[in-house]
Amino acid sequence: MITYIVPLVLIGGLTSAGVYLLLERTLTRMLLGLLLIGNAVNLLLLNVGGPAGNPPVYGRTSNGAQTDADPLAQGMILTAIVIAMGIASFVLALAYRSYQLTTLEEVGNDPEDTRVAERADDDVVDRDIPDVVPSRDTDAPDELDALPGAEGSR
């Protein structure tokens, strides 16, 4: 099997650009990052699907090819395209609603998360949890044992 380096470099570039954009705080950049990663996955599936061949329909030939094309890769790519469009429409609706409410497109820090992080930094101990939990496990058989009369088998 021959591996071509250009599609692999293109897939790596699209993935890295998509991850970079996904780490931004602006919703449109996040959307573009998701779309770039989706396209990189589609190219990866196309590359892994193997060489071109006859269509996966019984009795059809294409330019004298000897083998059939893999229909699984084609089906997975079509499914991935539909899922990517669904995610894109959801993120667009989310960005539009966020812009309507705050007239900002940038995602800010959640005040509750900030408060919890500050509380964790202060090493506040929860007072509801006792320091020592009494243990009821003894060697003598009691109601917690699964088989109270089988202590000789240990």
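The values are calculated or read from the model by the stated rules, or taken from the named source; none is laboratory data. This structure is a prediction, so every number in the text was calculated from the model and none was measured. A quick note on method: Cβ atoms are made from the backbone with ideal geometry, for glycine too, and the neighbour counts reach across all protein chains shown. Note: areas computed on protein heavy atoms with side chains; ligands, DNA, RNA excluded. Shrake-Rupley method; radii C 1.70, N 1.55, O 1.52, S 1.80 Å.
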- Accessible-area order (highest first, 1.4 angstrom probe) of the listed residues L36, L92, L101: L101, L92, L36
- Query: If the viscosity is 1.002 mPa s and the temperature 20 °C, what Stokes-Einstein diffusion coefficient in µm²/s follows for the stretch 26-119 when Rh is the Kirkwood radius over Cα pairs?
  - Reply: 128
- Between the modelled labels at E106 and S62 (7 Å from Cα along Cα→Cβ) the distance in nm is 4.8
- Can you list the equivalent-ellipsoid semi-axes of the stretch 17-57, largest first and in whole Å, using the square root of 5 times each Cα gyration tensor eigenvalue? 31, 9, 4
- What does the accessible area of D110 come to, in Å² to the nearest 10, when a probe of 1.4 Å is used? 80
